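The values are calculated or read from the model by the stated rules, or taken from the named source; none is laboratory data. None of these values were measured; they are calculated from a predicted model. No Cβ is skipped: glycine too gets one built from the backbone with ideal geometry, and neighbour counts run over all protein chains shown.
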Amino acid sequence: MTRDRRYYVFDFDSTLVSVESLPELARLSLKSHPERTERLHEVERLTELTATGGMSMAEGIALRIELLDAQRKHIDALVRVLKRAISPSVKRNKAFFKKYKNQIYVLSNGFRELIIPVVESLGISEAHVFANTFLFDAKDNIVGFDSRSPLIHQDGKARVLRQLQLDGEIYVIGDGYSDVKMREAGLATRFYAFTESARREPVVEIADHVLPSLDEFLYIHDFPMSISYPKTRIRVLLVEDIHATAQKHFDKEGYEVRKLPAGLSEDELIRELDGVTLLGIRSGTRITRCLLESASKLKAIGAFCIGTNQIDLDACSEHGVIVFNAPYANTRSVVELAIGEIIMLARKVLEKSSATHRGVWNKSAAGAFEIRGKKLGIVGYGNIGSQLSVLAEAMGLDVYYYDIVERLPLGNATKCRSLKDLLKRVDIVTIHVDGRAHNHELFGERELRMMKKGALFLNLSRGFVVDVSALAKALRSGHLAGAGLDVFPEEPAGNDRPFSSPLQGLENVILTPHIAGSTREAQENIAAFVSGELISFINSGNSFGSVNFPGVQLPDLRRAHRFIHIHRNEPGVLAAINQVMAEHKINILGQYLKTNERMGYVITDVSKKYQARVIEELKKVPHTIHFRVLY
């Protein structure tokens, strides 16, 4: 059946607008009433009862009007509230209502005085609105409703729809039991439960389809939309107990989010990734080539941590999966733990505390020292190392650092020419390097032997940086006086798995379970940052800050389509893309290209007029990895 023979019947409250009108009217009219809280609660209860079929419509309306204590002046104020409360997906798809206004009807058990001014802003005419009407007394108090209207009944919408005698398919979109009645009466082709603002399970259970937003309806019926893909169809999987802030950000966007508290094995994760668009992990989850080959819908991975060595970045690039991490968000937390452990080790707090717990009173200054005036050696002078440098110097430490990258010293820090040069000078060594391959076993028996006798050693960076057996030997021999480790070559996948290390049981050795960045502030910052990067990529194509994609920071998309093309970095791809555009006479409003050694990332903003086959041709451009469209 052609679209001009289809009709779209919308409810008003909690559908076209995100609120219920009578409770909102109660909030305005009862503002100074002594029984405001009790009456408002009762209005909300009665509204829910009538919406789910638990009370007759006429009784529910009458009881609520009696509680309102409302006047005509409150209606104008409420209309202003309702105009601001138009449902988000309705607001962004106003073009649909204006284009199909002759086929759109509003059937509501609410009131015309409230509804008509709001829906007219969507292009819907008064003649297509069917609702109840208020009755007023001589002083403009609302005292009742027109009892002759069929819409005071639970099946009132079905009665009105029957009278309209619409010749064609009828699609009903609403959130209440009275909307279901149109389907039950055999008058509606399909009933869609609209849940963007309110989800009523008795209604959802008997709906033909659930609509988390209007975008979903437009998508399944192939209507033009303000966005390229319903956000409610974007599935997010978060594993390893990622901070709740991330879910809040994704929820706000309308994405479907699932959280799992612990890490998963490869097979478990492959099963969970079915249909998932965005994956959030921490350091305990491995992303392999095999996994990526199975996750056909995966577009992006967020590493809610600093490191990405647990992710096969080459395989991600080959499959067009972008990866983001949080290189700065937990810097302060790691630095604070490093400072704390240095003091604990210098003062032999661990040994003293353990003895005291056993009932041994060992008050002695032997082997304990202040950190002021001691030499601190920082291996890796990046985000964490440089901030540690500043705090350590403020506490009276003399700071030395070594990095293979030329970095400007902060404060009075001294750059060392080599690792050997640093190790023979300092009293304390702390490692803050990244996960690149050349850092594997950066510290073995040879390097530990170079350190001063009685020196302290910390590793809060990567587990594979240190040969822990060699470190255990140096501690047992007395060459090193103490150590603190937060990371290990092999770590359990979850809190329920066992852990073992050659360092266990050694005095004056602090072992922590990879918690350097695990503070409330750090996890919240990481959750906000990484989720923001993922959302920006999905919504606009921004890749700036990605670990594996060429970094492109894009302007806002206005009155255009955005074509996103990911391809292998081979000659001629951009020319082929533009050839397709030229053949179809498409006006390019802006184009952005960045490449790295493996891949190219092209973003093209075009005018809104183009033929559907353009998409298929762009997908077939040689060396294409992935292509998508943003509206």
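Scanning the stretch 304-322 for residues that are crowded, with 22+ Cβ neighbours inside 10 Å, of a type in the set (A, V, I, L, M, F, W, C) and under 26 Å from Thr624 (Cα atoms) yields a total of 4. Checked against (1) more than 15 Å from Val621 (Cα to Cα); (2) assigned by TED's automatic domain parsing to the domain that holds Lys620; (3) among the aliphatic types (A, V, I, L, M), Val573 passes all but a single condition, namely (1).
Here is a yes/no grid of residues against (1) under 32 Å from the mean Cα position of the chain (by Cα); (2) assigned to a strand (DSSP E or B); (3) more than 20 Å from Ser540 (Cα to Cα):
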site	(1), (2), (3)
Arg559	yes, no, no
Ile564	yes, yes, no
His567	yes, yes, no
Pro571	no, no, yes
Ile577	yes, no, no
Val580	no, no, yes
Gln591	yes, yes, no
Glu597	yes, no, yes
Thr604	yes, yes, no
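Take the conditions part of a helix (DSSP H, G or I) and in contact with a Lys or Arg (Cβ under 8 Å, 6 or more places away or on another chain) and apply them to Ser121. Does it pass? So Ser121 passes the test.
A quick yes/no check of all residues on (1) surrounded by fewer than 21 Cβ atoms within 10 Å (Cβ to Cβ); (2) charged (D, E, K, R):
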| residue | (1), (2) |
| --- | --- |
| Asn539 | yes, no |
| Phe549 | no, no |
| Pro555 | yes, no |
| His565 | no, no |
| Ile577 | no, no |
| Ile603 | no, no |
| Lys609 | yes, yes |
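Looking across the stretch 475-494, just one residue is in contact with a strand residue (DSSP E or B) (Cβ under 7 Å, 6 or more places away or on another chain) and either surrounded by fewer than 19 Cβ atoms within 10 Å (Cβ to Cβ) or β-branched (Val, Ile, Thr) (or both), and that is Val487. Considering only residues in the stretch 246-295 that are in contact with a strand residue (DSSP E or B) (Cβ under 7 Å, 6 or more places away or on another chain) and basic (Lys, Arg), the one that is surrounded by the most Cβ atoms within 10 Å (Cβ to Cβ) turns out to be Lys259. Between a first residue in the stretch 299-314 that is over 20 Å from Ser536 (Cα atoms) and a second residue that is among the charged types (D, E, K, R) and outside any loop (DSSP other than H, G, I, E, B), which pairs have beta carbons less than 8 Å apart while being 6 or more apart in sequence or on different chains? Filtered contacts from the stretch 299-314: Asp312/Arg289.
Residue-wise test of (1) assigned by TED's automatic domain parsing to the domain that holds Glu196; (2) in contact with a helix residue (DSSP H, G or I) (Cβ under 9 Å, 6 or more places away or on another chain); (3) within 30 Å of Ala207 (Cα to Cα).
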{"residue": "Tyr8", "(1), (2), (3)": "yes, yes, yes"}
{"residue": "Arg36", "(1), (2), (3)": "yes, yes, no"}
{"residue": "Glu44", "(1), (2), (3)": "yes, yes, yes"}
{"residue": "Val81", "(1), (2), (3)": "yes, yes, yes"}
{"residue": "Arg84", "(1), (2), (3)": "yes, no, yes"}
{"residue": "Val90", "(1), (2), (3)": "yes, yes, yes"}
{"residue": "Ala95", "(1), (2), (3)": "yes, no, yes"}
{"residue": "Asn109", "(1), (2), (3)": "yes, yes, yes"}
{"residue": "Ile116", "(1), (2), (3)": "yes, yes, yes"}
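In the stretch 154-192, the residue that is nearest to the chain's Cα centre (by Cα) out of those that are of a type in the set (Val, Ile, Thr) and within 22 Å of Gly54 (Cα to Cα) is Ile173. Residues of the stretch 130-149 that are without any contact (Cβ under 8 Å) to a residue 24 or more places away in the chain, surrounded by fewer than 16 Cβ atoms within 10 Å (Cβ to Cβ) and outside any strand (DSSP E or B): Thr133, Asp137, Ala138, Asp146, Arg148. Looking across Ile371, Ile384, one residue alone is among the β-branched types (Val, Ile, Thr), over 33 Å from the mean Cα position of the chain (by Cα) and surrounded by 15 or more Cβ atoms within 10 Å (Cβ to Cβ). It is Ile371. With respect to the conditions (1) touching a Ser or Thr at 6+ places or on another chain (Cβ under 9 Å); (2) farther than 15 Å from Val379 by Cβ, Leu458 lacks only one, and its number is (2).
Restricting attention to the stretch 371-421, which residues are aliphatic (A, V, I, L, M) and either part of a loop (DSSP other than H, G, I, E, B) or not assigned by TED's automatic domain parsing to the domain that holds Ile342 (or both)? Break it down into steps so the answer makes sense when it comes.
At the first step, the residues of the stretch 371-421 found to be aliphatic (A, V, I, L, M) are 371, 376, 378-379, 384, 388, 390-392, 394-395, 397, 399, 404-405, 408, 410, 413, 419.
Passing the criteria: Ile371, Met395, Leu397, Ile404, Val405, Leu408, Leu410, Ala413.
Scanning the stretch 125-142 for any residue that is under 37 Å from the mean Cα position of the chain (by Cα), of a type in the set (A, V, I, L, M, F, W, C) and at negative phi turns up nothing. Would you confirm whether or not the stretch 94-108 contains a residue that is hydrophobic (A, V, I, L, M, F, W, C), at pLDDT below 95 and under 22 Å from Lys157 (Cα atoms)? Looking for residues that are hydrophobic (A, V, I, L, M, F, W, C), at pLDDT below 95 and under 22 Å from Lys157 (Cα atoms), one finds none in the stretch 94-108, hence no.
Determine whether the stretch 427-443 contains at least one residue that is surrounded by fewer than 15 Cβ atoms within 10 Å (Cβ to Cβ), on the phi < 0 side of the Ramachandran plot, more than 34 Å from the chain's Cα centre (by Cα) and not small (Gly, Ala, Ser). Taking every residue of the stretch 427-443 in turn, none turns out to be surrounded by fewer than 15 Cβ atoms within 10 Å (Cβ to Cβ), on the phi < 0 side of the Ramachandran plot, more than 34 Å from the chain's Cα centre (by Cα) and not small (Gly, Ala, Ser). Only one of the numbered conditions (1) modelled with pLDDT under 95; (2) under 19 Å from Gly532 (Cβ atoms) is not met by Ser296, and that is (2).
Got at least one residue in the stretch 418-436 being closer than 15 Å to Ile378 by Cβ and free of Cβ contacts under 8 Å to residues at least 24 places away in the same chain? Scanning the stretch 418-436 turns up at least one residue that is closer than 15 Å to Ile378 by Cβ and free of Cβ contacts under 8 Å to residues at least 24 places away in the same chain. Of all residues being over 37 Å from the mean Cα position of the chain (by Cα), of a type in the set (A, V, I, L, M) and not in a helix (DSSP H, G or I) in the stretch 17-60, which is surrounded by the most Cβ atoms within 10 Å (Cβ to Cβ)? Just the residue, please. Applying the filter and picking the extreme gives Leu30.
Here the helices (runs of 4 or more DSSP H) wholly within the stretch 158-226 that include at least 2 residues being touching a residue at least 24 places away in the same chain (Cβ under 8 Å), surrounded by 15 or more Cβ atoms within 10 Å (Cβ to Cβ) and not aliphatic (A, V, I, L, M) are 177-184, 214-220. Of note, Ser14 satisfies the criterion of being under 36 Å from the mean Cα position of the chain (by Cα), within 24 Å of His153 (Cβ to Cβ) and either in a helix (DSSP H, G or I) or basic (Lys, Arg) (or both). In the stretch 606-631, how many are over 29 Å from the mean Cα position of the chain (by Cα), part of a loop (DSSP other than H, G, I, E, B) and closer than 20 Å to Met225 by Cα? Count: 5.
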